[in-house]
1. In this structure, is residue 92 touching a Lys or Arg at 6+ places or on another chain (Cβ under 7 Å) and of a type outside the set (Phe, Trp, Tyr)?
2. Residue 49: touching a Phe, Trp or Tyr at 6+ places or on another chain (Cβ under 7 Å), among the hydrophobic types (A, V, I, L, M, F, W, C) and surrounded by 13 or more Cβ atoms within 10 Å (Cβ to Cβ), yes or no?
3. Check whether at least one residue in the stretch 71-90 is polar (S, T, N, Q), out of contact with any Phe, Trp or Tyr (no Cβ under 7 Å at 6 or more places or on another chain) and near ligand 1 (Cβ under 9 Å from one of its atoms), and report yes or no.
4. Just give me the residues in the stretch 1-40 being touching a residue at least 60 places away in the same chain (Cβ under 8 Å) and either in a loop (DSSP other than H, G, I, E, B) or buried (at least 22 other Cβ atoms within 10 Å of the Cβ) (or both), in sequence order.
5. In the stretch 94-113, what count of residues is obtained for those that are surrounded by 15 or more Cβ atoms within 10 Å (Cβ to Cβ) and in a helix (DSSP H, G or I)?
6. Name the one entry in 134, 98, 128 that is within 8 Å of ligand 1 (Cβ to nearest atom), hydroxyl-bearing (Ser, Thr, Tyr) and under 15 Å from the mean Cα position of the chain (by Cα).
7. Look through the stretch 122-138, keep the residues that are more than 14 Å from ligand 2 (Cβ to nearest atom) and among the small types (Gly, Ala, Ser), and return whichever of them is surrounded by the fewest Cβ atoms within 10 Å (Cβ to Cβ).
8. Output the number of residues of the stretch 41-68 satisfying the condition of being of a type in the set (Phe, Trp, Tyr) and either touching a residue at least 60 places away in the same chain (Cβ under 8 Å) or touching a Ser or Thr at 6+ places or on another chain (Cβ under 7 Å) (or both).
Amino acid sequence: MMTSERIDGFFTLRGGEFNEAGKSATGLKKALREQGYELEASRRAAVVAFEAEMNVIIHAVAGTLQYSLEDDEVKIVVIDMGPGIPDVAQAMKEGFSTAPEWAREHGWGSGLGLPNIKKNSDRLVIDTVPGEGTKLEAVIRLGRSSGDGSAS
Ligand SMILES: Nc1ncnc2c1ncn2[C@@H]1O[C@H](COP(=O)(O)OP(=O)(O)OP(=O)(O)O)[C@@H](O)[C@H]1O
Ligand SMILES: [Mg+2]
C-alpha cells in the first residue's frame with residue numbers, strides 16, 4: 001500500500017499578470033503523478049487549477065490559489081478580491097464571457113472555463129458576493145494508476 005506524502009501549494013495571483021500563470025497547475029499535476037496517481041485524474045486537477053487561476057488573472061483584481069491533497073482527494077481553493085460574479089448560473093453557461101479585449105487577444109474569453117471546471121470536478125462550490133469577491137472550492141477524487149485495487 002502506498003502512503004501519501006503531503007502535497008500542498010499556495011500561490012498569489014494578480015489581475016492581468018500572465019507571467020506565472022500555469023505554474024500551480026503544472027506543479028500540482030507533476031506532484032500527483034510522482035505519487036502514483038492516475039494521469040486522467042491528475043489532468044483533471046490541473047485543468048481545474050489552471051482555469052480557476054486564469055479567471056482570477058482575467059476577471060479579478062487579485063487573489064490566491066491553494067491546493068492540498070488529503071485521502072486521495074485534491075482540494076483546490078481559489079479566493080479573489082472582486083469584483084465578484086453577479087449571476088453564477090449565467091457565468092456557468094458555455095459561451096458566456098465578459099472577458100475584456102486584452103484577454104481575448106490572448107485567446108481567452110470563450111466562456112468555457114467554468115463549465116470545464118464543473119466537468120472536471122467531483123464537487124464544486126462557488127461563493128461570490130458582487131463588489132467583494134469570489135471563493136471557488138473544487139474537489140477532485142483521484143485514483144491510483146498502479147494501486148492495490150482496493151477502493152476507498
Ligand atoms: N473570479 C472571477 N471573478 C469575477 N468574474 C468571474 C470570475 N470567474 C468567472 N467570472 C465570470 O464568469 C464568466 C465565465 O467564466 P468562464 O471561465 O467560463 O469564461 P471566460 O473566463 O470568460 O472565458 P474562458 O475561460 O473560456 O477563457 C466570465 O466571463 C466572468 O464574467
Ligand atoms: Mg475562464
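1. Working: touching a Lys or Arg at 6+ places or on another chain (Cβ under 7 Å): yes; of a type outside the set (Phe, Trp, Tyr): yes.
Yes, satisfied.
2. On the way: touching a Phe, Trp or Tyr at 6+ places or on another chain (Cβ under 7 Å): yes; among the hydrophobic types (A, V, I, L, M, F, W, C): yes; surrounded by 13 or more Cβ atoms within 10 Å (Cβ to Cβ): yes.
Against the criterion (touching a Phe, Trp or Tyr at 6+ places or on another chain (Cβ under 7 Å), among the hydrophobic types (A, V, I, L, M, F, W, C) and surrounded by 13 or more Cβ atoms within 10 Å (Cβ to Cβ)), residue 49 qualifies.
3. Going through the stretch 71-90, the residues polar (S, T, N, Q) turn out to be 90.
Filter once more, so that each one left must be out of contact with any Phe, Trp or Tyr (no Cβ under 7 Å at 6 or more places or on another chain): none.
No; the residues of the stretch 71-90 include none that is polar (S, T, N, Q), out of contact with any Phe, Trp or Tyr (no Cβ under 7 Å at 6 or more places or on another chain) and near ligand 1 (Cβ under 9 Å from one of its atoms).
4. Hits for the stretch 1-40 are 1, 2, 4, 6, 7, 13, 16, 18, 32, 36, 37, 38.
5. Restricting attention to the stretch 94-113, the residues satisfying the condition of being surrounded by 15 or more Cβ atoms within 10 Å (Cβ to Cβ) are 96-97, 99, 103, 108-109, 111-113.
This time we only want the ones that are in a helix (DSSP H, G or I), so: 103, 113.
Qualifying residue count, the stretch 94-113: 2.
6. On the way: 98 fails: under 15 Å from the mean Cα position of the chain (by Cα); 128 fails: under 15 Å from the mean Cα position of the chain (by Cα).
Of the residues listed, the single one that is within 8 Å of ligand 1 (Cβ to nearest atom), hydroxyl-bearing (Ser, Thr, Tyr) and under 15 Å from the mean Cα position of the chain (by Cα) is 134.
7. Taking the candidates together, the pick is 131.
8. Kept after step one, since they are of a type in the set (Phe, Trp, Tyr), are these residues of the stretch 41-68: 50, 67.
In the following step, the residues that additionally are either touching a residue at least 60 places away in the same chain (Cβ under 8 Å) or touching a Ser or Thr at 6+ places or on another chain (Cβ under 7 Å) (or both) were identified as 67.
Final tally of qualifying residues: 1.
Read-outs: derived from the displayed coordinates by stated rules, not from any lab. These numbers were taken from a predicted model, which means no experiment stands behind them. Every residue, glycine as well, gets a Cβ built from its backbone with ideal geometry; the counts of neighbours run over all protein chains shown.
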